[in-house]
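Trainee: One structure, pasted below without further comment.
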Amino acid sequence: MASTGGTPFLLSPATGHAATAVFDVEAVGAGAGTGAQHQAAKSTPAPDAGAAFVLESKGTWWHAGFHLTTAIVGPTVLTLPYALRGMGWGLGLAALTAVFAVTFYAYYLVSRVLDHCEAAGRRHIRFRELAAAVLGSGWVFYVVVSVQTAINTGVTTGSILLAADCLKIMYSDLAPHGPLKLYHFIIIVAVVLAFLSQLPSFHSLRHINLGSLILSFAYTILVSAACIRAGASSDPPAKHYSLSSSKSEKTFNAFLSISILASVYGNGILPEIQATLAPPAAGKMTKALVLCYAVVFFTFYLPAITGYWAFGNQVQSNVLQSLMPDEGPSLAPTWLLGLTVVLVLLQLLAIALVYSQVAYEIMEKNSADVAHGRFSRRNLAPRVALRTAYVAVCALVAAALPFFGDIVGVVGAVGFIPLDFILPVVMYNTALAPPRRSPVYLANVAIMVVFTGVGVIGAVASVRKLALDAGKFKLFSDNVVD
């Protein structure tokens, strides 16, 4: 039976010498194999089609930077003014900067753990296998794969929904009384995405993700310029920056904002992105992170500051909606808003493709045969069928639940926070075993404790908002609930 785990060589905190950690989640589940057989399986793991076809290791560090940027920088940056609204200028910018620093550090730690395992003779290419091998527990494997699947399916579904909403916005402007409904545009987006999903590997998305990086610069500049124009006009929108007078409301809003920030900065697929690097991968992901976070700094801070400055605590959950109020004229030129919507639409397709790769890797691992060619009839038929079915299911959920944007905070609290804030520091402390009184170890423990608390409280705050907005929810509605 093929192995799903790894064999990193970890430094023992007690002896300082290398110790072999062996893990095979499938063997644990079946209770099969002797210790010698187990070790032999680890030394020569059988290749699988998911690794060979979807996570092929051919990329450069800048390709990984493109992938990572697409996974992090998306239209969710347009929610950042709303996140500042929940905390105000001082605390909001401090939280934005803190999450910026902590996520960069956490992703760097994941890369270090991956490099450490590769240097010891075992390269991990899947988050679930890395976490289970380092932490040595079968349940970790299933927790990570479950959370990853929820995140990736959720982001793909949300991308389809928001892309369809972009088409509907353009259509409504051109034909205000036209017959097409939201679900028609969801079908259009799903057809395009199903076609693009036949690109066989993560590496084959590198040019698309370079385009995504450029798109993120373009629409954040346009939106920020529109906010500055609106705020500096002779008749600016009414605004103030005060927070709620209720202490409980203020606390819930602050933690909801932090959950939004966790979602915006999160990705949950860094090991799969590092897997696309041509070996040896050591050190390359750090360069990719620097490239990505240079883009993050510009595309996050610019719209966050300009949007909150222009609209204050009246800013909507998506700053574009503040520029296009339901009553009164638009606060930006029509061409600028139209171009922004088109750019957002195009990037949403790239984001959906990136977050679908983990699902496609799992499908290919179990359905394809690595002994046959990638484009052989044996492998092409199941690939087309399964990927098309996956997109169709996501599209159906998007059509049935057009209030998907309202659970971004929940996803951040229960999905991105464990994978992007907690697991990285735990894995680093376990795999590289820094001294327990060292600054690195203590900082990692502090991050784990703080963000565990943030995740719990953020989840409560996010669920509370869902409950308050429940009256707006309607299955197969023609309107997206924010």
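The values are calculated or read from the model by the stated rules, or taken from the named source; none is laboratory data. The structure displayed is predicted, hence computed values, not measured ones. So basically every Cβ, Gly included, is an ideal-geometry build from the backbone, and we count neighbours across all protein chains shown. Please note that ligands, DNA and RNA were not included when accessible areas were found on the heavy atoms of the full protein model with its side chains. Shrake-Rupley method; radii C 1.70, N 1.55, O 1.52, S 1.80 Å.
Trainee: Could you say which residue among ILE169, ILE188 is part of a helix (DSSP H, G or I), open to solvent by 40 Å² or more (accessible area, probe 1.4 Å), more than 27 Å from LEU302 (Cβ to Cβ) and touching a residue at least 24 places away in the same chain (Cβ under 8 Å)?
Mentor: Just a single option satisfies the conditions, and that option is ILE188.
Trainee: From the list TYR428, TYR390, which residue is in contact with a Leu (Cβ under 7 Å, 6 or more places away or on another chain), aromatic (Phe, Trp, Tyr), open to solvent by 20 Å² or more (accessible area, probe 1.4 Å) and part of a helix (DSSP H, G or I)?
Mentor: TYR428
Trainee: Have a look at TYR441, TYR428, TYR390 and point out the one that is modelled with pLDDT of 95 or more and farther than 28 Å from VAL113 by Cβ.
Mentor: Exactly one of TYR441, TYR428, TYR390 is modelled with pLDDT of 95 or more and farther than 28 Å from VAL113 by Cβ, namely TYR390.
Trainee: Is it the case, given these coordinates, that THR97 is under 22 Å from VAL223 (Cα atoms) and without any contact (Cβ under 8 Å) to a residue 24 or more places away in the chain?
Mentor: yes
Trainee: If you check every pair at least six apart or on different chains, which have Cβ atoms under 7 Å apart with a residue in the stretch 215-239 that is under 20 Å from GLY328 (Cα atoms) and assigned to a helix (DSSP H, G or I) first and a residue that is of a type in the set (Ser, Thr, Tyr) and open to solvent by less than 10 Å² (accessible area, probe 1.4 Å) second?
Mentor: Close Cβ pairs satisfying both conditions: VAL223/THR340.
Trainee: Take the stretch 158-186 and flag every residue that is among the polar types (S, T, N, Q), modelled with pLDDT of 90 or more and over 17 Å from THR70 (Cβ atoms).
Mentor: Within the stretch 158-186, no residue meets the criteria.
Trainee: Closer than 30 Å to SER317 by Cβ and not charged (D, E, K, R): which single residue out of SER146, SER111 fits that description?
Mentor: Every option except SER146 fails the conditions.
Trainee: Determine whether SER201 is in a loop (DSSP other than H, G, I, E, B), over 30 Å from LYS465 (Cα atoms) and open to solvent by less than 10 Å² (accessible area, probe 1.4 Å).
Mentor: When the stated conditions are applied, SER201 passes them.
Trainee: Go through the stretch 43-94 and count every residue that is closer than 18 Å to ALA278 by Cβ, of a type in the set (A, V, I, L, M, F, W, C) and either assigned to a helix (DSSP H, G or I) or open to solvent by 20 Å² or more (accessible area, probe 1.4 Å) (or both).
Mentor: Residues meeting the conditions: 9.
Trainee: I want to confirm something. Restricting to the stretch 229-274 and keeping residues that are surrounded by 14 or more Cβ atoms within 10 Å (Cβ to Cβ), farther than 21 Å from ASN209 by Cα and aliphatic (A, V, I, L, M), which single residue is modelled with the highest pLDDT?
Mentor: Ranking the candidates gives ALA230 first.
Trainee: Does the stretch 313-322 include one or more residues that are over 28 Å from LEU167 (Cβ atoms) and either out of contact with any His (no Cβ under 9 Å at 6 or more places or on another chain) or in a helix (DSSP H, G or I) (or both)?
Mentor: Yes.
Trainee: Further, regarding this structure: Looking at TYR308, TYR301, which is the one that is under 19 Å from the mean Cα position of the chain (by Cα), surrounded by 15 or more Cβ atoms within 10 Å (Cβ to Cβ) and of a type in the set (Ser, Thr, Tyr)?
Mentor: From the options TYR308, TYR301, the qualifying one is TYR301.
Trainee: Something else now. Could you check the stretch 100-124 and list, in sequence order, the residues that are aliphatic (A, V, I, L, M) and either in contact with a Pro (Cβ under 7 Å, 6 or more places away or on another chain) or open to solvent by 10 Å² or more (accessible area, probe 1.4 Å) (or both)? Working first, answer last.
Mentor: Let us first name the residues in the stretch 100-124 that are aliphatic (A, V, I, L, M), namely 101-102, 106, 109-110, 113-114, 119-120.
If the condition is that a residue be aliphatic (A, V, I, L, M) and either in contact with a Pro (Cβ under 7 Å, 6 or more places away or on another chain) or open to solvent by 10 Å² or more (accessible area, probe 1.4 Å) (or both), then ALA101, VAL102, ALA106, LEU109, VAL110, LEU114, ALA119, ALA120 are the ones that fit.
Trainee: If we scan the stretch 211-223, do we find a residue that is more than 24 Å from VAL354 (Cα to Cα), open to solvent by 60 Å² or more (accessible area, probe 1.4 Å) and of a type in the set (Val, Ile, Thr)?
Mentor: The answer is no; no qualifying residue exists.
Trainee: Continuing with the same structure: From the residues in the stretch 315-357 that are of a type in the set (S, T, N, Q) and closer than 25 Å to LEU68 by Cα, which one is surrounded by the fewest Cβ atoms within 10 Å (Cβ to Cβ)?
Mentor: Filtering first and then ranking leaves SER317.
Trainee: Can I ask one more? Find all pairs meeting these conditions: Cβ atoms under 7 angstrom apart; at least six residues apart or on different chains; first residue within the stretch 275-287 and at pLDDT 85 or above; second residue of a type in the set (A, V, I, L, M, F, W, C) and part of a loop (DSSP other than H, G, I, E, B).
Mentor: From residues that are at pLDDT 85 or above, the pairs are ALA275/LEU55; ALA275/ILE125; THR276/LEU55; THR276/PHE202.
Trainee: If VAL140 satisfies every condition in (1) within 22 Å of the chain's Cα centre (by Cα); (2) open to solvent by less than 60 Å² (accessible area, probe 1.4 Å); (3) in contact (Cβ under 8 Å) with a residue 40 or more places away in the chain; (4) more than 17 Å from TYR390 (Cα to Cα) but one, which is the exception?
Mentor: Exception for VAL140: condition (3).
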